[in-house]
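The values are calculated or read from the model by the stated rules, or taken from the named source; none is laboratory data. Everything numeric in this text was worked out from a predicted model, so none of it was measured. Cβ placement follows ideal geometry from the backbone for every residue including glycine, while neighbour counts extend to all protein chains displayed.
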Amino acid sequence: MKKYIVAIETSCDETSVAIATKGHIITNIVSSQMHVHAQFGGVIPEVASRMHVEQITLVIQEAMTAAAISWDDVMAIAVTQGPGLIGALHVGLQAAKTLAFIYNLPLIPVHHIASHIYASAVERDFLYPTLALVVSGGHTQLVLLKAPLEYTIIGDTQDDAIGEAYDKVARLLKLPYPGGPQIDRLAKEGHATYPIPIPKVDGKYDFSFSGMKTAVLNIVHHADQVGESIRIADLATSFQEAAVKQLLLKVDAALTDYPVREFVLAGGVSANSYLRQQVLELPKRRPSLLVSIPPFHLCTDNAGMVANLATYLYERHMFAPLSIGVHPDLPLVG
Ligand code: KG4
Ligand code: ZN
């Protein structure tokens, strides 16, 4: 029976293909290039595109084999259209268009951030209005959903994204890429003994992380100059506690001002153990609030979340012609 959606995600450095039906992600294969980019201390877009080209057909095949389905069982092809790296997105979109063309299937373009948000809505839909805190390598946003798939961005970062700040701080501490998980691990061993100021930001729900990163840089430089050694775990804890405190301050302000029934964490940084712990404590102050965090395997980039959101889009017939292109800066709204 035609009931499966095959989804492709290649927006950054994971080549991923997943297969889902409504309410159930059947298989979610992720081939990560991280070990290659780690040698350069960050993602090299050209290398990412080339590796996607090498991997994409293999990962499609692996996903189909793992799910034990045939193309006759597939009802649509979904793909991340943006935002992301232009060359990387192209590889996924070309593969998706080819499959849609040869098997005569509808094509469902998916917004990367929307798919991160809906990673917590696999088995059931959210309770609306929903507030999502999106924390990834490229985004830090507060997104209000008044109804399914209706997004309003109420807060945004004025400079760095939080994942970017984690990665830059990790680099300053000479930790390998990607630095987020390294800081998360180290911070468990330290104490917040270094002062990292929380910046004043004009927008009530907006964020800023570049000053926090500079504060870490200044602490490292000062220690170098006076010949002191840095207590790396303490510095990791200090940065993390300040960064997460800033997030929670803004979340609290938004939850006070908007009649939200469910709060969701989304994006790669939602894998952070300290952030997860803090977010799970929100209902202590707001007992009627439902809090959802994605399972670890759906936090960082993966096609499972794309396939899942595509099941919602399929019901609304949100299909696109094969003439669409990628959109590296695809807006969430409009
Ligand atoms: O969503 P994602 O996989 O890619 C983007 O869409 O950007 O997010 C990647 C980001 C990286 O900055 C990475 O360091 C961060 O998520 N990250 C973490 C953790 N795991 C991944 N940051 C903090 N703690 C973690 N455990
Ligand atoms: Zn992402």
- Six or more apart or on different chains, Cβ under 7 Å: which pairs go from a residue in region 289-316 that's free of Cβ contacts under 8 Å to residues at least 40 places away in the same chain to one that's assigned to a loop (DSSP other than H, G, I, E, B) and more than 12 Å from ligand 1 (Cβ to nearest atom)? Could you list them? Leu289/Val260
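If you take the residues in region 215-273 that are part of a strand (DSSP E or B) and within 16 Å of ligand 2 (Cβ to nearest atom), which one is farthest from Tyr194 (Cα to Cα)?
Taking region 215-273 and keeping what is part of a strand (DSSP E or B), we get 262-266.
Now drop any that are not within 16 Å of ligand 2 (Cβ to nearest atom), which leaves 264-266.
On the way: Val264: 30, Leu265: 27, Ala266: 28 Å.
Applying the filter and picking the extreme gives Val264.
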- Message: I'd like to verify a number: residues in region 228-257 that are away from ligand 1 (no atom under 16 Å from the Cβ), surrounded by 15 or more Cβ atoms within 10 Å (Cβ to Cβ) and within 22 Å of the chain's Cα centre (by Cα), how many?
- Response: 4
- Item | Per-region count, region 282-317, residues of a type outside the set (Phe, Trp, Tyr), at negative phi and loosely packed, with under 15 Cβ neighbours inside 10 Å | 10
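For (1) under 16 Å from Val6 (Cα atoms); (2) within 11 Å of ligand 1 (Cβ to nearest atom), each residue gets a yes or a no:
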{"site": "Gln81", "(1), (2)": "yes, no"}
{"site": "Leu85", "(1), (2)": "no, yes"}
{"site": "Leu105", "(1), (2)": "yes, no"}
{"site": "Asp125", "(1), (2)": "no, no"}
{"site": "Ala147", "(1), (2)": "no, no"}
{"site": "Thr152", "(1), (2)": "no, no"}
{"site": "Thr157", "(1), (2)": "no, no"}
{"site": "Ile162", "(1), (2)": "no, yes"}
{"site": "Lys168", "(1), (2)": "no, yes"}
- Message: Among the residues of region 145-158, are any crowded, with 22+ Cβ neighbours inside 10 Å and out of contact with any strand residue (DSSP E or B) (no Cβ under 7 Å at 6 or more places or on another chain)?
- Response: no
- Task: Could you give me the residue pairs with C-beta distances under 9 Å whose first residue belongs to region 22-50 and is in a loop (DSSP other than H, G, I, E, B), whose second residue is of a type in the set (Ser, Thr, Tyr) and at pLDDT 95 or above wherever it lies, and which are 6+ apart or on separate chains?
- Result: Lys22/Thr311; Lys22/Tyr312; Lys22/Tyr314; Gly23/Thr311; Gln33/Thr15
